[in-house]
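The values are calculated or read from the model by the stated rules, or taken from the named source; none is laboratory data. Not measured: the values here are computed from a predicted model. Quick reminder, even Gly has a Cβ in these numbers, built from the backbone with ideal geometry, and neighbours come from all protein chains shown. Each accessible area value is taken on the protein alone, full model and side chains, heavy atoms only, with ligands, DNA and RNA left out. Shrake-Rupley method; radii C 1.70, N 1.55, O 1.52, S 1.80 Å.
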Amino acid sequence: MRIAFLGPPGAGKGTQARDLAQEWGVLHLATGDMLREEVAAGTPLGREAKSYMDQGALVPDDVIIRMMGERLGRADAGRGFILDGFPRTIAQAEALAKLLKDLGQTLDTVVYFDVSEPELLRRLTGRRVCRACGHSYHLTSNPPKRAGVCDACGGELYQRDDDTEATVRRRLEVYQRQTAPLLDYYRQRNMLTTVSGEGPLATIRGAIRAAAGAIR
Ligand code: AMP
């Protein structure tokens, strides 16, 4: 199973990827999570990425492509993966195809999460994330049992630096300009399945399972 989740920030890619990667026994490779780990660890890559991330801009393609080339080349990626937040530009999509070709692999399918813009804004500005396990909550529509504490692991919940309203608007613009062209790119290659990213989590998960089942 080699699959990529495509969609704007706040579409629910991470939530679904986390659960389905566990269900399918494949890796969940989220470039945003990988970058945040580099930032937290203060690595050179993290220092370079941080200014772009704080502005809601994309980290340059060559940085991301190098990071993912290294990650996909590791032995554990051979058992399959869900890509979450990558590729985000046409250049990244082309680099991904080449990386996989060199590994003797292909991407099975791309699932696009369709969510309206007002709903994305609502979700992102109310989002709180667990620092320890990455689980996401929403202040009103999916609050934790105890404010500020993760139900799953007891970790501390925080608001991502880039989930403030001004930065969220910028990220949505960046998505429209740089990432949305990937819809046509994958549609033309017959690789795109669209699922509605609104409604109950279980319904969305079922639609993704069906999309993935079609290629199993
Ligand atoms: P995310 O957690 O997917 O919303 O990503 C958070 C931030 O990390 C984005 O706003 C970008 O600055 C950066 N980022 C994540 N994935 C990529 C990517 N594939 N290409 C460029 N920048 C990325």
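All conditions in (1) among the polar types (S, T, N, Q); (2) within 14 Å of the ligand (Cβ to nearest atom); (3) open to solvent by 50 Å² or more (accessible area, probe 1.4 Å) hold for T106, with the sole exception of (2). Condition first: modelled with pLDDT of 95 or more, of a type in the set (A, V, I, L, M) and closer than 27 Å to G213 by Cβ. Now tell me which residues in the stretch 1-48 satisfy that. Matches in the stretch 1-48: I3, A4, L6, A11, A17, L20, A21, V26, L27, L29, A30.
Selection of the stretch 49-62 for residues being more than 19 Å from P87 (Cα to Cα) and more than 9 Å from the ligand (Cβ to nearest atom) yields only S51.
The set of residues in the stretch 91-102 that are open to solvent by 30 Å² or more (accessible area, probe 1.4 Å) and more than 10 Å from the ligand (Cβ to nearest atom) comprises E94, A97, K98, L99, K101, D102.
Somewhere in the stretch 124-131, is a residue within 12 Å of the ligand (Cβ to nearest atom) and of a type in the set (K, R)? Quick ask: steps written out before the conclusion?
First pass over the stretch 124-131, keeping only residues within 12 Å of the ligand (Cβ to nearest atom): 124, 127, 129.
In the following step, the residues that additionally are of a type in the set (K, R) were identified as 127.
Yes - at least one qualifying residue is present in the stretch 124-131.
The set of residues in the stretch 78-90 being at pLDDT 95 or above and either more than 9 Å from the ligand (Cβ to nearest atom) or of a type in the set (A, V, I, L, M) (or both) consists of G80, F81, I82, L83, I90. R36 falls short on exactly one of the conditions (1) more than 12 Å from the ligand (Cβ to nearest atom); (2) open to solvent by 40 Å² or more (accessible area, probe 1.4 Å); (3) not polar (S, T, N, Q), and that condition is (1). Here's a check for you: in the stretch 131-181, which residue that is free of Cβ contacts under 8 Å to residues at least 60 places away in the same chain and of a type in the set (V, I, T) is least open to solvent (accessible area, probe 1.4 Å)? Top of the filtered list is V149.
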